[in-house]
2 protein chains.
Amino acid sequence: MIKHALNVTREADFAAWYQAVISEADLAEESGVRGCMVIRPWGYGIWERIQRLLDDRIKATGHENCYFPVFIPLSYFEKEAEHVEGFAKEMAVVTHHRLISDGNGRLVPDPSAKLEEPLVVRPTSETVIGMAFARWVQSWRDLPVLINQWANVVRWEMRTRMFLRTSEFLWQEGHTAHASEAEAREETLKMLEVYRSFAEECVALPVVAGEKPENERFPGAVATYSIEAMMQDGKALQAGTSHFLGTNFAQAQNIRFQNAAGELELAQTTSWGMSTRMIGGLIMVHGDDDGLRVPPRVAPWQVVIVPMLRDQPEDAEIVAYCKTLQQELAVFSVFGEPVRALLDQRPAKAATKRWGWVKKGAPIVIEVGGRDVAGGNVSVIRRDRLYREDGKLDSSVVPRGQLVDEATQMLESIQQALYSQARERMDANIRRDVTDFAALEKAFEGSKPGWVEVNWSKPTGAELDKVVERLKALKLTVRNVPGDAAVAEGACIFTGAPAVERILVARAY
Amino acid sequence: MIKHALNVTREADFAAWYQAVISEADLAEESGVRGCMVIRPWGYGIWERIQRLLDDRIKATGHENCYFPVFIPLSYFEKEAEHVEGFAKEMAVVTHHRLISDGNGRLVPDPSAKLEEPLVVRPTSETVIGMAFARWVQSWRDLPVLINQWANVVRWEMRTRMFLRTSEFLWQEGHTAHASEAEAREETLKMLEVYRSFAEECVALPVVAGEKPENERFPGAVATYSIEAMMQDGKALQAGTSHFLGTNFAQAQNIRFQNAAGELELAQTTSWGMSTRMIGGLIMVHGDDDGLRVPPRVAPWQVVIVPMLRDQPEDAEIVAYCKTLQQELAVFSVFGEPVRALLDQRPAKAATKRWGWVKKGAPIVIEVGGRDVAGGNVSVIRRDRLYREDGKLDSSVVPRGQLVDEATQMLESIQQALYSQARERMDANIRRDVTDFAALEKAFEGSKPGWVEVNWSKPTGAELDKVVERLKALKLTVRNVPGDAAVAEGACIFTGAPAVERILVARAY
């Protein structure tokens, strides 16, 4: 039996395993500030890779980055009652702008520095960006406005879980304004597709892209779309959303333009976002009982070289050999960027370092000892194939030149393997044969139930509420209407009425 | 006489000119939120370039990026009285975590959601990062810890000026811990040098790097160093600082390690930062009466191609010609990166677009009309040489192939020209012949006095206070002790005692 690097397995306790990966892979830790985490270098390095690759795609589709204030005056939220009802309640409120000593060595908010109007730490920037759009947009010539912001946002959470639900998190939020509904709808779907292709191609996260049902819409949105990824415990994680807002926000914020005919019209707006939550998804899709496995495209270091030193004179030769290897690797490009190879010279035992990098999920770990140098070889571990069939660590000795020649291909192969494994798991765990509610209920018995795609009649209002309630009793939600689902034929499993479309039902984070 | 693009000149009103550049170049605008600005795409694009280039240098010197919470519990500030005295008073204080309706359609902080301990929106992250260091550092093997954070910070300001002094600003803050004082001092100077070379090579901003006098030290620091740039009105702008903190912060935050001999020691720490203030410096050093001039290395677009369209059938041919030109330029690299060329197809008049890009300070603007296409030419404007000697706009017609061949060289030449102009201006405006206080006073008469480098005896305590007071009466401050200043010979102009070093005295932002 394999002795794995973590002391808890996915099978035994998925939630504890998730925390163990975060801790053992040095991704993040509790900060001492309620609901806020410290994102450590390896975790932040993955976020930087996500940022860089997603930002490239956001810019390639014509968007420009801006920065808007972290504070939003309370009155801005009052303009849109619906918006406020939806989620704008649990927020951090700034009420004072000065601290003073209380005379006993303690600091307190200065009563004489109370703000006339409290400020809210942004939970999202729709309101303040909408105000800017109203200033910027006068004529059809000013449209479309296509902007994006990378920022921290705060939503006060009572029960937090690192990366998945924290009071402060990092994200990008895109906001656009258009002259026509058709163009705004096209934008909404374009960005949904950017998220889908980014998640699949870069994070190796297979997802289902589709429209959310009415009850899951962003407050104020006409239509909300999501990408949903399947975690290894069978639950769904919403990993990105794109909203068509119609003229609802333009109305509240007075975003009007003169059209070509000289008439005043409301702009059509959209918004879309992806956050550090994606890292939670990456962990729960690609992690295993030895820790994290990071897809090479988003790995801060793709190849880590560990010299096996023994405080002997030959150490210098080993380090020199490793440096040469690092330089040889750095000449190559993979996924359109130079290979990122690290030489780990920290003062620690080679085995400790090896297992540290395994737990962090570096795609390729290369160990170099005296014997390797003598033979012109290196010892290679591929993180996606850690053990041989006999349960031993699969570390293979290959000539250095061969490793250098094959490294980029190996990285591509690891990226592909992680995607394929996740894709197969997701495909194998979506049932499409459920045709009545009892069967649905039965499908979600057991510990790793997966998802179920069923017919429904797209109920609205009270009828929809009833469906939502029935699902809620089973801890289920409607994730979305997969864009690539088959045409619905037959009856709705909830209402019995003729089916209109097929929906994904799942437990979710 | 030249009719310039802005309606106010540097000569007539420098402060108004500064605001005009920010507005006309679409860099930033008032947000409606007190003290906070909206950074618009062109301004944010410059910040992104600064981030990318500085981040590369921060990483190349061995630092890793992390992310720490935006909120800091109030009690953290109480641990270091000195720290609190210095600057930690004007801060945004979060006291509630929920809004509720007051029943009259207004939102108010929910009295039942008052925080037990108020949270401060980070003004800097020394305390919260120090707490993490205390967790991370146990042994000498854990040192050095070399980390950096890109983040927004808030210092409540009563009188704000865009980019120079805003309540919220963006910056990077580096924080490191070392086993020895020598190593920490070396780190402090290394990062000062990173700032100097970055400012000069990337932002084309000549600076004077040196140590701050005792009274200008960061609270709690043993030594503070700065880079100082000279604005066109002769004032100094501190554009980056690097602090050696000794064991002061380690003591307050209990950052201890076991050394190789098994004894417990306090770590030696440093911190260093550069902010969006740099953009204010860029404007005041490189701007002219036609708007901003952006050094090519930090220009979001280095070459902007403006097709001159007339709603005629030949328009399509002009656009095709421009697209070819854009593709031809993108093949080339300059400063180690692909040339950034934009084709501006917005629906506006060519002349409006030309002057828009001149005001924004795009390094090269290329106009293409029907005649250019017919002759295989382009019309080129270099932003650093806008007018001919006769006062006419210097737009020269050159063969397209020649422009493509020469574009990278032209960008290098513009980068160099902006630096040289600023360097000459700074060098010409530092006086080194002042040997008594009366002469110093006289040197600062007039509207653009520049800087004065003088001898001083490095007074401390009450004697220093007296010097600071005398300077303050003239609105002057000691900027720093230039690292490359000559050896001081003679008497201190303040105390008459033998001079110890030479200091820079100036008015400052």
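Check whether at least one residue in the range A:257-271 is surrounded by fewer than 23 Cβ atoms within 10 Å (Cβ to Cβ) and within 34 Å of the chain's Cα centre (by Cα), and report yes or no.
Within the range A:257-271, one or more residues are surrounded by fewer than 23 Cβ atoms within 10 Å (Cβ to Cβ) and within 34 Å of the chain's Cα centre (by Cα).
When you scan the range A:57-74, do you find a residue that is more than 30 Å from A:W301 (Cα to Cα), more than 7 Å from chain B (Cβ to nearest Cβ) and in a loop (DSSP other than H, G, I, E, B), even just one?
Taking every residue of the range A:57-74 in turn, none turns out to be more than 30 Å from A:W301 (Cα to Cα), more than 7 Å from chain B (Cβ to nearest Cβ) and in a loop (DSSP other than H, G, I, E, B).
Here is a list: B:A236, B:A182, B:A260, B:A252. Which entry is under 29 Å from B:E412 (Cβ atoms) and in the same structural domain as B:D55 (by TED's automatic domain parsing)? Please lay out each step first, then the result.
Numbers: B:A182 fails: under 29 Å from B:E412 (Cβ atoms); B:A260 fails: under 29 Å from B:E412 (Cβ atoms); B:A252 fails: under 29 Å from B:E412 (Cβ atoms).
Of the residues listed, the single one that is under 29 Å from B:E412 (Cβ atoms) and in the same structural domain as B:D55 (by TED's automatic domain parsing) is B:A236.
With more than 9 Å from every other protein chain (Cβ to nearest Cβ) and either at pLDDT below 95 or under 26 Å from A:V154 (Cα atoms) (or both) as the only criterion, which of B:E82, B:E183 stands out?
Details: B:E183 fails: either at pLDDT below 95 or under 26 Å from A:V154 (Cα atoms) (or both).
Result: B:E82 is the single residue among B:E82, B:E183 that is more than 9 Å from every other protein chain (Cβ to nearest Cβ) and either at pLDDT below 95 or under 26 Å from A:V154 (Cα atoms) (or both).
Whether any residue in the range B:15-30 is hydrophobic (A, V, I, L, M, F, W, C), over 21 Å from B:L292 (Cα atoms) and either at pLDDT below 95 or part of a loop (DSSP other than H, G, I, E, B) (or both) is what I want to check. Walk me through it before giving the result.
Taking the range B:15-30 and keeping what is hydrophobic (A, V, I, L, M, F, W, C), we get B:15-17, B:20-22, B:25, B:27-28.
From the residues that got through so far, the ones that are over 21 Å from B:L292 (Cα atoms) too are none.
Taking every residue of the range B:15-30 in turn, none turns out to be hydrophobic (A, V, I, L, M, F, W, C), over 21 Å from B:L292 (Cα atoms) and either at pLDDT below 95 or part of a loop (DSSP other than H, G, I, E, B) (or both).
Just checking, which of B:A28, B:A60, B:A20, B:A15 is within 25 Å of B:G287 (Cβ to Cβ) and surrounded by fewer than 17 Cβ atoms within 10 Å (Cβ to Cβ)?
On the way: B:A28 fails: surrounded by fewer than 17 Cβ atoms within 10 Å (Cβ to Cβ); B:A60 fails: within 25 Å of B:G287 (Cβ to Cβ); B:A20 fails: surrounded by fewer than 17 Cβ atoms within 10 Å (Cβ to Cβ).
Among B:A28, B:A60, B:A20, B:A15, only B:A15 is within 25 Å of B:G287 (Cβ to Cβ) and surrounded by fewer than 17 Cβ atoms within 10 Å (Cβ to Cβ).
Within the range A:129-142, is there a residue that is part of a helix (DSSP H, G or I), more than 10 Å from chain B (Cβ to nearest Cβ) and free of Cβ contacts under 8 Å to residues at least 40 places away in the same chain?
Let us first name the residues in the range A:129-142 that are part of a helix (DSSP H, G or I), namely A:129-136, A:140-142.
Subsequent filtering for residues that are more than 10 Å from chain B (Cβ to nearest Cβ) retains A:130, A:133-134.
Pick out the ones that are also free of Cβ contacts under 8 Å to residues at least 40 places away in the same chain and you get none.
No, the range A:129-142 contains no residue that is part of a helix (DSSP H, G or I), more than 10 Å from chain B (Cβ to nearest Cβ) and free of Cβ contacts under 8 Å to residues at least 40 places away in the same chain.
Do we have any residue at all in the range A:94-115 that's more than 8 Å from every other protein chain (Cβ to nearest Cβ), modelled with pLDDT of 95 or more and either surrounded by 22 or more Cβ atoms within 10 Å (Cβ to Cβ) or under 25 Å from the mean Cα position of the chain (by Cα) (or both)?
no
Which one of these does A:T495 not meet: (1) over 21 Å from A:G240 (Cβ atoms); (2) part of a strand (DSSP E or B)?
All conditions are met except number (2).
Output the number of the condition that A:V505 fails; it satisfies all remaining conditions of (1) in a loop (DSSP other than H, G, I, E, B); (2) surrounded by 19 or more Cβ atoms within 10 Å (Cβ to Cβ).
(1)
Report yes if B:E453 is farther than 29 Å from B:R159 by Cα, in a strand (DSSP E or B) and not hydrophobic (A, V, I, L, M, F, W, C), otherwise no. Let's see the steps before the verdict.
On the way: farther than 29 Å from B:R159 by Cα: yes; in a strand (DSSP E or B): yes; not hydrophobic (A, V, I, L, M, F, W, C): yes.
The answer is yes for B:E453.
For residues in the range A:154-174 being part of a strand (DSSP E or B), within 12 Å of chain B (Cβ to nearest Cβ) and out of contact with any Asp or Glu (no Cβ under 7 Å at 6 or more places or on another chain), which is surrounded by the fewest Cβ atoms within 10 Å (Cβ to Cβ)? If you could, list the steps in order and put the result at the bottom.
So in the range A:154-174, the residues part of a strand (DSSP E or B) come out as A:154, A:161, A:165, A:168-174.
Narrowing the set further to residues that are within 12 Å of chain B (Cβ to nearest Cβ) leaves A:154, A:168-170.
From what's left, out of contact with any Asp or Glu (no Cβ under 7 Å at 6 or more places or on another chain): A:168-170.
Details: A:E168: 24, A:F169: 23, A:L170: 20.
Here the residue is A:L170.
Within the range B:219-242, is there a residue that is crowded, with 19+ Cβ neighbours inside 10 Å, modelled with pLDDT under 95 and at positive phi?
Yes.
Here are some residues: B:G281, B:G291. Which one is under 27 Å from B:L27 (Cα atoms), assigned by TED's automatic domain parsing to the domain that holds B:A20 and under 23 Å from the mean Cα position of the chain (by Cα)? Before the answer, list the steps.
On the way: B:G291 fails: assigned by TED's automatic domain parsing to the domain that holds B:A20.
Going through B:G281, B:G291 in turn, the sole match is B:G281.
Just to check your reading of the model, which residue among B:A348, B:A362 is in contact with a Phe, Trp or Tyr (Cβ under 6 Å, 6 or more places away or on another chain), closer than 25 Å to B:I283 by Cβ and either among the basic types (K, R) or assigned to a loop (DSSP other than H, G, I, E, B) (or both)?
Numbers: B:A348 fails: in contact with a Phe, Trp or Tyr (Cβ under 6 Å, 6 or more places away or on another chain).
The unique qualifying residue is B:A362.
Looking at (1) at pLDDT below 95; (2) surrounded by 16 or more Cβ atoms within 10 Å (Cβ to Cβ), which one does A:A486 not meet, given that it meets all the others?
So the condition that A:A486 fails would be (2).
Test A:N148 against the stated conditions and say whether it is closer than 30 Å to A:A250 by Cα, more than 7 Å from chain B (Cβ to nearest Cβ) and touching a strand residue (DSSP E or B) at 6+ places or on another chain (Cβ under 7 Å). Break it down into steps so the answer makes sense when it comes.
Values: closer than 30 Å to A:A250 by Cα: yes; more than 7 Å from chain B (Cβ to nearest Cβ): yes; touching a strand residue (DSSP E or B) at 6+ places or on another chain (Cβ under 7 Å): yes.
The answer is yes for A:N148.
Check whether at least one residue in the range B:374-388 is in contact (Cβ under 8 Å) with a residue 40 or more places away in the chain, aliphatic (A, V, I, L, M) and under 22 Å from B:L6 (Cα atoms), and report yes or no. First the steps, then the outcome.
Filtering the range B:374-388 down to residues in contact (Cβ under 8 Å) with a residue 40 or more places away in the chain leaves B:378, B:383-384, B:386-387.
Add one more test, that the residue is aliphatic (A, V, I, L, M), and what stays is B:378, B:386.
Within this subset, residues satisfying the condition of being under 22 Å from B:L6 (Cα atoms) are B:386.
Looking for residues that are in contact (Cβ under 8 Å) with a residue 40 or more places away in the chain, aliphatic (A, V, I, L, M) and under 22 Å from B:L6 (Cα atoms), one finds at least one in the range B:374-388, hence yes.
With (1) more than 10 Å from chain A (Cβ to nearest Cβ); (2) farther than 21 Å from A:E168 by Cβ; (3) at pLDDT below 95; (4) in contact with a strand residue (DSSP E or B) (Cβ under 8 Å, 6 or more places away or on another chain) as the list, and B:E126 as the residue in question, which single condition is left unmet?
(2)
Looking at B:G356, B:G361, which is the one that is within 14 Å of another protein chain (Cβ to nearest Cβ) and surrounded by 18 or more Cβ atoms within 10 Å (Cβ to Cβ)? Let's see the steps before the verdict.
Numbers: B:G361 fails: within 14 Å of another protein chain (Cβ to nearest Cβ).
Answer to the check: B:G356.
Would you mind stating whether A:S197 is of a type in the set (S, T, Y) and surrounded by fewer than 21 Cβ atoms within 10 Å (Cβ to Cβ)?
So A:S197 passes the test.
Would you call A:R277 surrounded by fewer than 19 Cβ atoms within 10 Å (Cβ to Cβ), of a type outside the set (V, I, T) and within 30 Å of A:H243 (Cβ to Cβ)? Working first, answer last.
Numbers: surrounded by fewer than 19 Cβ atoms within 10 Å (Cβ to Cβ): no; of a type outside the set (V, I, T): yes; within 30 Å of A:H243 (Cβ to Cβ): yes.
So A:R277 fails the test.
The values are calculated or read from the model by the stated rules, or taken from the named source; none is laboratory data. Bear in mind that the values here come from a model prediction, so they are computed numbers and not experimental data. Glycine gets a Cβ as well: all are built from the backbone with ideal geometry, and neighbour counts include every protein chain shown.
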